[in-house]
1. So is Gly252 crowded, with 16+ Cβ neighbours inside 10 Å and either within 21 Å of the chain's Cα centre (by Cα) or within 14 Å of the ligand (Cβ to nearest atom) (or both) or not?
2. State all residues of region 22-41 that are in contact (Cβ under 8 Å) with a residue 12 or more places away in the chain, over 13 Å from Met70 (Cβ atoms) and not basic (Lys, Arg); if no residue qualifies, say none.
3. Against the condition within 25 Å of Val147 (Cα to Cα), surrounded by fewer than 16 Cβ atoms within 10 Å (Cβ to Cβ) and more than 9 Å from the ligand (Cβ to nearest atom), how does His184 come out, does it pass?
4. So how many residues does region 1-58 have that are under 18 Å from Ala170 (Cβ atoms) and surrounded by fewer than 22 Cβ atoms within 10 Å (Cβ to Cβ)?
5. Quick one: which helices (runs of 4 or more DSSP H) sit completely within region 241-327 and have at least 3 residues that are charged (D, E, K, R)?
6. Being surrounded by fewer than 22 Cβ atoms within 10 Å (Cβ to Cβ), polar (S, T, N, Q), free of Cβ contacts under 8 Å to residues at least 24 places away in the same chain and over 27 Å from Arg303 (Cβ atoms) narrows it down to one residue among Thr132, Thr157; which is it?
7. Please go through region 82-129 and give me each residue that is open to solvent by 10 Å² or more (accessible area, probe 1.4 Å) and in a loop (DSSP other than H, G, I, E, B), ordered by number.
8. Looking at Tyr247, Tyr211, Tyr162, which one is within 16 Å of the ligand (Cβ to nearest atom) and hydroxyl-bearing (Ser, Thr, Tyr)?
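The values are calculated or read from the model by the stated rules, or taken from the named source; none is laboratory data. Computed from a prediction, not measured in an experiment: that's the story for all the values here. Cβ: placed from backbone, ideal geometry, glycine included. Neighbour counts: every protein chain shown. Heavy atoms of the whole protein, side chains included, go into the accessibility calculation; ligands, DNA and RNA do not. Shrake-Rupley method; radii C 1.70, N 1.55, O 1.52, S 1.80 Å.
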Amino acid sequence: MRVLVCGGAGYIGSNMTAMLAKAGHEPIVLDNLSKGHRAAVRNARFILGDFGDYDFTVDVLRKYGIAAVMHFAAYIEVGESVSQPLRYYDNNVSRTRTLLAAMETVGVRKFVFSSTAAVYGMPDRIPITEDTPKMPINPYGETKWSVERMCHFQSETDKLRYAALRYFNACGAGFDATLGEDHHPESHLIPLIIQAAMGKRDNIRIFGIDYSTPDGTCVRDYIHVEDLCAAHLLALDKLDNVAEAVYNLGNGTGYSVRQVIDTVRRVCGKDFKVVEEDRRPGDPPVLTADATKAQNELGWKPRYPDLETIVQTAWAFHAAHPNGYGD
Ligand code: UDP
């Protein structure tokens with residue numbers, strides 16, 4: 001199947017592109033390189049451009065005979081979404097609406113959307129099931145939830161068949177650790193700790209040590225990027241049978257910030273300074289997924305649920321790419 005991968009030069013999109021190609025699909029990457037890296041796109045046609053440009057996107061969908069769209073091209077910084085909400089509504093909602101309008105015009109019906117556990121906000125019950133109330137607490141989560149609602153209503157018109165995949169904490173590096181995280185600025189825990197281990201930053205800061213968790217630090221569900229991508233392939237197939245498919249994607253196992261730090265220390269064999277700081281606003285103490293639905297309905301089973309393996313792949317990527325993709 002010919003699949004347009006919006007944001008295919010980014011972290012998860014580039015792994016998805018590689019996996020689509022490996023699975024015998026024909027991925028075509030559309031990316032404006034505002035965040036992504038040209039060097040992360042291999043074995044796929046690359047189109048430089050903007051999915052928020054309606055005429056351009058209609059042309060691309062028509063010209064390449066696209067059968068499905070996967071959309072990874074969102075802004076993902078929670079803090080930035082709080083300070084610049086309109087920027088998030090513009091990119092994550094308005095321009096995604098334009099993409100869906102272009103798909104409607106051309107008659108492309110299949111859409112796989114990167115959603116997030118942030119749609120749940122501060123849930124009462126852990127692990128989180130898909131029917132947990134959606135109460136995002138920041139513009140980032142709210143914009144993702146808005147797109148899910150938009151897709152839901154559009155699917156009811158019969159013009160769209162969509163999957164919304166709610167990621168927990170995406171991490172690790174895929175495809176022999178050649179496709180990894182290179183965000184500017186970096187805000188995610190594992191790459192930040194690795195940067196501390198490489199001496200590229202002075203320390204790693206722990207945001208809060210007084211949470212109601214076993215060691216006082218936040219617990220998250222870390223899911224390997226290739227496992228995430230494998231679920232996208234299965235979700236794409238699922239759209240042959242259903243018009244709406246919503247799944248949590250996580251391992252169901254939680255690791256604390258301290259456990260992640262200890263694992264990186266062990267895997268990298270390097271020590272670094274740890275600084276204990278106040279809580280970061282908006283961080284729930286524990287977020288873990290109940291991904292039973294994806295396992296039962298998609299037959300999805302994570303292959304790399306173990307934190308040590310996840311960190312080994314991330315470390316291998318960073319060790320081989322000390323300056324990221326170098327662009
Ligand atoms: N975190 C931390 N120090 C950092 C970055 C993150 O203690 O420098 C914590 C953060 O408070 C959260 C966890 O690590 O509890 C994962 O954060 P990340 O930003 O990677 O993902 P999030 O859970 O916010 O999506």
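1. Yes: the conditions hold for Gly252.
2. Initially, region 22-41 is screened for residues in contact (Cβ under 8 Å) with a residue 12 or more places away in the chain, giving 23, 25-33, 35-41.
So of that shortlist, the ones also over 13 Å from Met70 (Cβ atoms) come out as 32-33, 35-41.
Result: Asn32, Leu33, Gly36, His37, Ala39, Ala40, Val41.
3. Values: within 25 Å of Val147 (Cα to Cα): yes; surrounded by fewer than 16 Cβ atoms within 10 Å (Cβ to Cβ): yes; more than 9 Å from the ligand (Cβ to nearest atom): yes.
So His184 fits the description; yes.
4. In the first step, residues of region 1-58 are kept if they are under 18 Å from Ala170 (Cβ atoms); the result is 5-20, 31, 35-37, 40.
Filter once more, keeping what is surrounded by fewer than 22 Cβ atoms within 10 Å (Cβ to Cβ): 19, 35, 37.
The qualifying residues number 3.
5. Values: elements: 257-268, 292-298, 307-320.
Here the list reads 257-268.
6. Working: Thr132 fails: over 27 Å from Arg303 (Cβ atoms).
Result: Thr157 is the single residue among Thr132, Thr157 that is surrounded by fewer than 22 Cβ atoms within 10 Å (Cβ to Cβ), polar (S, T, N, Q), free of Cβ contacts under 8 Å to residues at least 24 places away in the same chain and over 27 Å from Arg303 (Cβ atoms).
7. Those that are open to solvent by 10 Å² or more (accessible area, probe 1.4 Å) and in a loop (DSSP other than H, G, I, E, B): Gln84, Gly107, Arg109, Met122, Pro123, Asp124, Arg125, Ile126, Pro127, Thr129.
8. Working: Tyr247 fails: within 16 Å of the ligand (Cβ to nearest atom); Tyr162 fails: within 16 Å of the ligand (Cβ to nearest atom).
Step by step, each of Tyr247, Tyr211, Tyr162 is checked, and only Tyr211 is within 16 Å of the ligand (Cβ to nearest atom) and hydroxyl-bearing (Ser, Thr, Tyr).
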